[in-house]
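Visitor: The structure's right below; bear with me while I get my questions together.
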Amino acid sequence: MSQAESRPWMDPARSPDERADLLIAQLTLDEMIGLVHGPMPNLLDTPPADAARGAGYVPGVARLGIPPQNATDASLGVANPRKVRKGDGATALPSGLALASAWDPDLARQAGAMVGAEARAKGFNILLGGGVNLTRDPRCGRNFEYLGEDPLLAGVLVGEAIAGAQSNDIVCTIKHFAINDQETCRHVVDVQIDEGHLRESDLLAFQIGIERGRPGSVMSAYNRLNGDWCGENDFLLNRVLKGDWAYPGWVMSDWGGCHSTAKAALGGLDQESGEQLDKQVYFGDPLKTAVQEGEVSFERLTDMVRRILRSLIAHGAFDRPPEREEIDYEAHAEVAQAAAEAGTVLLKNQGLLPLAPSLKVAVIGGHADVGVLSGGGSSQVIPVGGAALEIPVTIGPSSAFSQVTYHPSAPLTAIGARASMVCYADGQDLAAAMAIAAQADVAIVFAEQWTTEAEDVPTLALPGDQHTLITAIASANEKTVVVLETGGPVSMPWLDDAAAVLQAWYPGARGGEAIARLLYGEAEPSGRLPISFPRSVDDLARPEIPGMIFGPPEEGRTIPTSYPNVQQHKGRFSVAHPEGAAVGYRWFDRQGTAPLFPFGFGLSYTAFAHEGLTLEGGETVRARFTVANVGDRAGVDTPQLYAVIKGADGIAGLRLIGWARVALAAGERREVEITADPRLLAAYDVALPGWRIDGGAVAVSLRSDAQTVTLSGETELAAHTLAP
Ligand code: BGC
């Protein structure tokens, strides 16, 4: 008998649905149960031979040709948790916020394709990427993994990154579904928010991301949402994801995020991941018993298995299983560098940048002599060849899996290759740092803020004495540039003193090189903030982080970036979300508060003008205008289209409805067209249910950032509704 006859499910000519159904007909109950739960292979005494030793493993069914599921983190590169794969480094992208700062769907796709290629070449068929939780708090420890505060921008970019990853014939997730917006108490907070608000914010980011990226799997979030854990939340998983959006893939729990058997299975969870972290293996024997006793129907178990098999088949795990391959790390580092260059945001420049090569430069602080900072947690990439510096974390929730890690791309080396003379001070000795700054033509201070999964930062201030350091250096040399390597927004009481500020986020494998190229004008700064920088936490919807407790200083955690006196509340509690869908700039707009730097903001070494806005209405808004580079060097402009729309709560507010990224030579001009996704022009109507556009006049503006209007107009929308 040929394979086509004996194993028809292996026939690539058949549809993934058909193949999954053919397989299901062959599976025993035990085999089905075996496919819906799995361990962290690294915590097993003897990991199976076919485990690729990433974050997750689910055994296959060899007799039927079902491959094992090998999952690795994640969004910023292939992680190597606890370095179990000895000496196995990977290419680190810059942080998600850097990627989002590029506002560049093509770049997001390339970045995703690069990470997916490395995952595949290391033997993984599932990438735990696609983090798209909207930034509702600039202090959230995981903001660096995500794509900012706007559902359209984040949704488009995550979709492209997922599509890129999956172009390698592997599955990529989208996560963490939904509203995992603070790390403090992430396992116990119960987020309270209305459905309309949810649909117009975080859920819209997921919806757009799923439409564009078609991820094979969705990872549920740790927190509860309106009472139920996200991993057993009927509303989220059954009604919205699988119902309204007809999502065909499977829902896996986050590691330690499965809390029940029947409730989770009936609530829409299809697979229990990292099962050793749960109180028990709910989807093992307890699920088998629940099926045998009819508490969970056999049809539902079949649906769980079908979803998993269907996605694995649709995304190549059967037809093109991963094979270990050599990786061209040099080529991949170039992708990381391109992302860092496009995603670095020039926040201030009083004519100091770009630097001339003839200058004597003092480089100060931020471990700029060894490398660039990265964020901590499950997304941690161990660089190829090893970290430049690792500082152990000894207390706090992140200490279980984090080390403060620097990638070996030292800004000092890259600047040194360009300056006529360079010297370095680590900033610990203020007088010594001031002395080298005073003798130099330019001082460049590297300031840093380490953030990590499992913890939020208690304050927007740069940790330690960095504020004092920057002020002192600026007093010693008025030509002081501050380069920020931070997980998210920080306050800048020293802003008036600095002549230039470059927001480099966590810039990844070639961060030092990218920073130097931007400082010297070999690359043009083109990043735009995907997130608002508040003046004060008092301007946020929640000035205090719910569940964060400030205790007496604890001994033990001595890294310069740490907050040893912060602890987390234990036990369940609710967190109101008064901002609703007015996340980030929408909140600042609603409150009439000016941020320190608005969403969408970023300077260039050249200048742009927007001209001749024409608007067309109807079912959506179409805008046409011209962008001109009116400066004397090449650059990239990112004109942003906004509208004032009444949301589910009846309050009219500002929304990004589209943007363009336009690269122009000096003096060049180009006509640009932007068509809005009509859901951004609608209110979500729970009673309908669906999106409702009332029709009538709508105010539309072209802006260079959320606060700066360059052109405006009005057009008429036709009243209509859209499916949820
Ligand atoms: C994180 C996930 C990650 C998983 C596996 C969890 O702690 O929240 O994002 O994919 O671990 O490492």
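Computed from the coordinates by the stated procedures, all read-outs in this text should not be read as laboratory data. Just so you know, these numbers come straight off a predicted model, no measurement behind them. Reconstructed Cβ throughout: ideal geometry from the backbone, glycine too, with neighbour counts over all protein chains shown.
Visitor: Scale the Cα Rg of the chain by the rule-of-thumb value 2.2 N^0.38 Å and send over the ratio, two decimals.
Guide: For the chain, the normalised Cα radius of gyration comes out at 0.94.
Visitor: Separate question: Given charges of +1 on the Cβ of Lys and Arg and -1 on the Cβ of Asp and Glu, with all other atoms neutral, how large is the dipole of the range 624-724 about its Cα centre, in debye to the nearest 20?
Guide: The dipole magnitude comes to about 140 debye.
Visitor: Calculate how steeply helix 151-166 sits against the longest principal axis of the alpha-carbon atoms of the chain, using the helix alpha-carbon long axis, and give the answer as 0 to 90 degrees to the nearest 10.
Guide: 60
Visitor: Looking at the chain, send over the antiparallel percent of its DSSP beta bridges, to the nearest 5.
Guide: 60
Visitor: Let me know the volume per residue of the alpha-carbon convex hull for the range 567-626, in Å³.
Guide: Spelled out: Cα convex hull of the range 567-626, divided by residues, is 203 Å³.
Visitor: Now a separate question. What shape does the range 428-543 take by its C-alpha gyration tensor, where a ≥ b ≥ c are the square roots of the eigenvalues and a/c under 1.5 counts as rounded, a/b above b/c as prolate, and the rest as oblate?
Guide: oblate
Visitor: Using the charge dipole of the chain (Lys, Arg: +1 at Cβ; Asp, Glu: -1 at Cβ; taken about the Cα centre), state which of TRP450, GLY87, THR468 has its Cα farthest towards the positive end.
Guide: GLY87
Visitor: Take the range 484-624, drop everything but the C-alpha atoms, weight them equally and run the Debye formula without solvent; then report log10 I(q)/I(0) at 0.11, 0.12, 0.16 Å⁻¹ to two decimals.
Guide: Listed by q, the Debye log ratios stand at -0.68, -0.79, -1.18.
Visitor: Hey, another quick one. Along the positive direction of the dipole of the range 212-346 (beta-carbon charges: Lys, Arg +1; Asp, Glu -1; about the Cα centre), which of CYS230, ALA336, SER253 reaches farthest?
Guide: Working it through, the farthest residue towards the positive pole turns out to be CYS230.
Visitor: What does DSSP give for the range 334-519 in terms of the percent of beta bridges that are antiparallel, rounded to the nearest 5?
Guide: 30
Visitor: I'm a student and want to see the number: the projected area of the Cα convex hull of the range 371-510, averaged over all directions, in nm². Can you show the working numbers first?
Guide: Working: hull surface 34.4 nm².
Over all viewing directions, the range 371-510 projects a mean Cα-hull area of 8.6 nm².
Visitor: Please go through the residue pairs LYS86/LYS288; LYS122/LYS242; LYS175/LYS279; LYS122/LYS175; LYS242/LYS570; LYS175/LYS288 and name each one whose alpha carbons sit more than 29 Å apart in this structure.
Guide: On the way: LYS86/LYS288 37 Å; LYS122/LYS242 32 Å; LYS175/LYS279 22 Å; LYS122/LYS175 22 Å; LYS242/LYS570 33 Å; LYS175/LYS288 27 Å.
Listed pairs above 29 Å: LYS86/LYS288; LYS122/LYS242; LYS242/LYS570.
Visitor: Provide the three semi-axes, in whole Å and in decreasing order, of the ellipsoid equivalent to the range 606-722 as defined by the square roots of 5 times the Cα gyration tensor eigenvalues. Don't skip to the answer; put the middle values down first.
Guide: Details: eigenvalues 189, 30, 23 Å².
Ellipsoid half-lengths, sorted descending, are 31, 12, 11 Å.
Visitor: Follow-up. Could you give the size of the charge dipole of the chain about its Cα centre, using +1 on the Cβ of each K and R and -1 on the Cβ of each D and E, expressed in debye and rounded to the nearest 20?
Guide: Numbers: 57 positive and 89 negative charges, 57 e Å.
The dipole of the chain has a size of about 280 debye.
Visitor: Given the DSSP H assignment, sum -39500 (n - 2.57) over each helix run of at least 4 residues in the chain and divide by its residue total; what's the result at 222 nm in deg cm²/dmol, nearest 500?
Guide: Working: 17 runs with 165 residues, N = 724.
Taking each H run of at least 4 residues, the total per residue is -6500 deg cm²/dmol.
Visitor: Could you tell me how many degrees, from 0 to 90 and to the nearest 10, lie between the Cα long axis of helix 430-439 and the main elongation axis, the longest principal axis, of the Cα atoms of the chain?
Guide: Result, in degrees: 60.
Visitor: Using Cα pairs under 8 angstrom and six or more residues apart, how large is the relative contact order of the chain, in percent?
Guide: Relative CO of the chain lands at 14 percent.
Visitor: Next question, about the same structure. Show me the three semi-axes of the equivalent ellipsoid for the range 1-92, from the C-alpha gyration tensor (sqrt of 5 times each eigenvalue), largest first, rounded to whole Å.
Guide: Whole-Å semi-axes of the equivalent ellipsoid: 31, 16, 11.
Visitor: What do you get for the angle between helix 105-121 and the principal long axis of the chain? Use alpha-carbon atoms, 0 to 90 degrees, nearest ten.
Guide: Helix 105-121 and the main axis of the chain meet at about 60 degrees.
Visitor: Can you list which of the trypsin sites (Lys or Arg not before Pro) found in the range 63-102 are DSSP loop residues with at most 14 other C-beta atoms within 10 Å?
Guide: Passing both the DSSP loop test and the Cβ count: LYS86.
Visitor: I need GLU293, GLU619, GLU160, GLU149 ordered by Cβ neighbour count within 10 Å, fewest first.
Guide: With the sparsest Cβ surroundings first, the list reads GLU293, GLU619, GLU160, GLU149.
Visitor: For the range 602-674, what D do you get in µm² per second when you plug the Kirkwood radius from alpha-carbon pairs into Stokes-Einstein at 10 °C and 1.306 mPa s?
Guide: Roughly 117 µm²/s, to the nearest whole number.
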